[in-house]
Amino acid sequence: MAKHTRREDWIAILTGTLIVAQGIFFLQASSLLTGGTTGLALLASKLVPWSFGTIYFIANCPFYLLAWKRFGRNFAINSAISGALVSFFVDHLHLVLNIENMSPIYAAVAGGLLMGLGMLVLFRHRSSLGGFNVLCLFIQDKLGISVGKTQLAIDFTILVTSFFFVTPTALFYSILGVIVLNLVLGMNHKPHRYIVKYH
């Protein structure tokens, strides 16, 4: 399979991160959470006076180092840039988009779909969002367990912990969004169906 050109990679990174940011923005606008470092940053942004983007990027930094060690310099740099772009987009989407009323069910489903689709774009272009995505790709690479399955297990653990900070209704819709996101990843990013070169 021919490699994508560097120009194609950069266009895909811009596209994928904007799609992911839109999904996160839907969740944020409806006071919903998700799994991974995204969910941790959404929860922390309710508790401390920092923006989502700041918390998200800081939380992901250790995983960029893991990405460098395991998947190489290019993948790590691409992932760090992707994480920075998502942080920037989410913090500034309110300047171009104002959501006054959105069904939490729609926010959960659409948010999960958009985040999953955006992650797929990044995975196919030697990038990720850092965080637990890197850990899940590492597990897939070493053990052959799909990204969707490991991500779902991690996300479920985070959301159960979030029970003490959000309403049961918000938690239910958040879990729905996580299920949708991981179904997208599980069906479309199988370890033996696609050959992904990280270096």
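Throughout, read-outs are computed from the coordinates displayed, never taken from laboratory work. From a predicted model like this one, the values you see are computed outputs, not experimental measurements. Here Cβ is always computed from backbone atoms with ideal geometry, including for glycine, and neighbour counts include all displayed protein chains.
Quick look at the values:
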| quantity | calculated |
| --- | --- |
| C-alpha long axis of helix 168-188 to longest principal axis of the chain, angle in ° | 20 |
| More than 29 angstrom apart: percent of Cα pairs within segment 6-188 | 13 |
| Computed [θ] at 222 nm, deg cm²/dmol, the chain (DSSP H ≥ 4; -39,500 (n - 2.57); rounded to nearest 500) | -24500 deg cm²/dmol |
| Cβ-based charge dipole, the chain, positive-most Cα from Phe163, Ile24, Thr5 | Thr5 |
| Nearest 10 degrees, 0 to 90: helix 36-47 Cα axis against the chain principal axis | 30 |
| Degrees between helix 6-29 axis and first principal axis of the chain (Cα, 0 to 90, nearest 10) | 20 |
